[in-house]
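Contents: one structure, followed by commentary.
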Amino acid sequence: MDIKTLYQLSYGIYIITSARGDKLNGQIANTLFQITSEPPAIAVSINKQNLTHEFIHDSRVFAASILSQDTPLSFIGNFGFKSGRDIDKFAQVNYKIGKTGAPIVLDHALGYLEAKVINEVDVGTHTIFTGDLIEAETLKSGEPMTYAYYHDVKRGTAPKTAPTYRKEEKEVKKAAKYKCTVCGYIYDPEKGDPDGGIAPGTPFEEIPNDWVCPVCGARKEQFEKIGE
Amino acid sequence: MNLLALRKLRYGLYVVGSRRKDRFNGLIANGVSQVSAVPANFVVSINKENLTHEFIKASKVLSFSVLSKNTPLSFIGRFGFNSGREIDKFKGVSYKIGKTGAPIVLDNTLAYVEANVINEADLGTHTIFIAQMVDSDIIREGEPMTYDYYSEVKRGPTSKKSSLYIEQIAATKAQKYQCRRCSSIYDPEFGDPDGNVSPGTSFELLPDDWKCPICGASKNYFDKLEGTE
């Protein structure tokens, strides 16, 4: 068994949202797919621990925004590495309420889908919600973000609750890297942090003190050195 | 409602294999996704009309092979546009029998997973099988084929039985021809790189022994595609 096999599967990156009463929430997901064409239906896989899971389960609706390839890591961090139990993820975000009542994130979205839940399938840590497509719109042209691009080019990470979570984000090169103790993001001096204006080749020690983790916003002192 | 939004979803392209007693079959699928990490569970969405659907139902085992970006269209045509009711799709193909007994395609394969079916859900035209991983391995290094690369760059057609099927739209002016057998479209602007036909070659100038890159049909299986401007 070679666990690296699983890195060869291709996915997009989406914001899945729902509402309960007048509370809105959303999270990042990679497992969203069309399951039938006539009538069009889609499915999404959500971790049972997530607040969005509760909202979809209770309200029976969800929406999905298809993220553009140039979405900043911090935007993904806001939805993917924080909990709606602690913060209002929609506070600084441009969105609208869709036909189903679910909020639709418009920032960095190429298009969106809305669905009414028709079935739930228990798959252990996650539930697959299947839904009839109620609405679909394209918002702008552009390349969608893929999980491979997010991981390999943007060097983003996955939280422990993701189906694609990798136990060891193994690092082999010599440069001293630092890992965020909050979200697992690794600062690699060879790559720098383009989103935060840190040029490639900048050692961790030379990053300004007000620099924050590009994924989750943690402070510099919350990083620790990774040993070889 | 604009269904083109669905075209922005991203998928890989896989050969899904299964067996019923001594018979093997397989097909091309995009609806393959990991749905949990511990244990590693997958969903595989299959059209109910396909023979592979019957086989998975009967044996409760399946494999999927992650196809390389370099996979020739003819290989995808073999598994995607033929029926195992008519031909033996595994004839001439390199494969092995996995721990579950499912056949695993090795040609053009970067990696594979084999799994036992633990649950299924009826979705109308399709069934989603929930399967727990039994074994997996990497076969070779390379970039995986994605559905959008297959569709947009290789110009591969989408089966009417696919969940992604949208009525083909012939939008541009160049005179295109469509294969009656597999509905693949010859686009002169693009040529047929797999068949060494350079971009800009009109259909009329194709050699008489030219064959459909997907299903192998001869040139006279092609009909002029009327413009829809």
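Here are a few things to note about the model shown:
- Local charge for A:Gly192 was computed over the other residues whose Cβ lies under 13 Å away, with Lys and Arg +1 and Asp and Glu -1, and equals -1.
- Region B:99-229: relative contact order as a whole-number percent, Cα under 8 Å and 6+ apart: 18
- Whole-Hz ³J(HN,Hα) from phi, Karplus 6.51 cos²θ - 1.76 cosθ + 1.60, for region B:134-146, glycine and proline x: 10, 8, 7, 7, 9, 9, 7, 7, x, 8, x, 6, 10
- Region A:91-157 shape via C-alpha gyration tensor axes, a/c threshold 1.5: oblate
- Part-to-part distance (alpha-carbon centres) for region A:101-116 and region B:195-219, which is given in Å: 42
- Here the alpha carbons of region A:1-88 define both size measures, Rg and Dmax, at 14.3, 46 Å.
- Using alpha carbons only: equivalent-ellipsoid semi-axes of region B:1-138, gyration tensor based, whole Å: 21, 18, 16
- Legend: Rg and Dmax of region A:25-156, from Cα coordinates, 14.2, 40 Å.
- Taking amide H as placed 1.01 Å from N in the peptide plane, the amide H of A:Gly192 sits under 5 Å from that of A:Gly201, A:Thr202, each at least 5 places away or on another chain.
- When the alpha carbon gyration tensor of chain A is reduced to an equivalent ellipsoid, the three semi-axes, largest first, read 32, 19, 16 Å.
- The listed peptides A:210-220, B:4-14, A:9-19, ordered by packing as a protection proxy, come out as A:9-19, B:4-14, A:210-220 (highest mean of other Cβ atoms within 10 Å first).
- Shape class of region B:1-54 from the Cα gyration tensor (axes a ≥ b ≥ c, square roots of the eigenvalues): oblate, since a/c reaches 1.5 or more and a/b does not exceed b/c.
- For chain A: relative contact order, % (alpha-carbon pairs under 8 angstrom, 6 or more apart): 19
- Values of log10 I(q)/I(0) for region B:95-148 across q = 0.19 Å⁻¹ run -0.83, by the Debye formula with one identical scatterer at each alpha carbon and no solvent.
- Residues in region A:187-228 reached by a label modelled at A:Ile87 [backbone nitrogen below 13 Å; 7 Å Cα→Cβ]: A:212-219
- Theoretical FRET efficiency, 1/(1+(r/R0)^6), r = Cβ-Cβ of B:Ser202 and B:Asp22, R0 56 Å, to 0.05: 0.70
- Alpha-carbon centroid distance for the pair region A:201-223 / region B:1-18, whole angstrom: 38
- The rule of thumb for compact globular proteins, 2.2 N^0.38 Å, goes into the C-alpha radius of gyration of region A:98-228 1.34 times.
- Value at 222 nm in deg cm²/dmol, rounded to 500, when DSSP H runs of n ≥ 4 in chain B each add -39,500 (n - 2.57): -2000 deg cm²/dmol
- For A:Gly156, nonlocal amide neighbours, meaning residues 5 or more places apart or on other chains whose placed amide H falls under 5 Å from its own, are A:His151.
- Under 5 Å, built H, 5+ apart or other chain: amide partners of A:Leu139: A:Gly111, A:Tyr112
- Value at 222 nm in deg cm²/dmol, rounded to 500, when DSSP H runs of n ≥ 4 in chain A each add -39,500 (n - 2.57): -2000 deg cm²/dmol
- Potential extension, A:Lys23-A:Glu221 segment - 0.36 nm per residue separation minus Cα distance: 67.9 nm
- Between B:Lys99 and B:Glu189, the C-beta separation translates, for a Förster distance of 41 Å, into a calculated FRET efficiency of about 0.30.
- In this calculation the C-beta distance from A:Ile186 to B:Tyr149 is compared with R0 = 41 Å, giving a FRET efficiency of 0.90.
- Radius 15 Å from Cβ of A:Val212, net charge of other residues (Lys, Arg +1; Asp, Glu -1): 0
- Relative contact order of chain B: 19 percent, from C-alpha pairs under 8 Å at least 6 residues apart in sequence.
- nm² value of the averaged projected area, convex hull over the Cα atoms of the protein assembly as shown: 22.9
- Net +/- balance of residues flanking B:Val66 in space, Cβ distance below 15 Å, scoring K and R +1, D and E -1: -3
- Note on A:Met1 and A:Ser74: the model spin-label points, each 7 Å out from Cα along the C-beta direction, lie 4.1 nm apart.
- Applying 0.36 nm per residue to the separation of A:Asn94 and A:Asn209 and subtracting their alpha-carbon distance, the gain on full extension is 38.4 nm.
- Separation between Cα centres of region A:39-91 and region B:100-137, rounded to whole Å: 27
Readers should treat all values here as calculations from the given coordinates under stated rules, not as data from a laboratory. Owing to the predicted nature of the structure, the values given are computational and were not obtained by experimental measurement. Ideal geometry is used to build each Cβ from the backbone, glycine not excepted, and the neighbour counts take in all protein chains shown.
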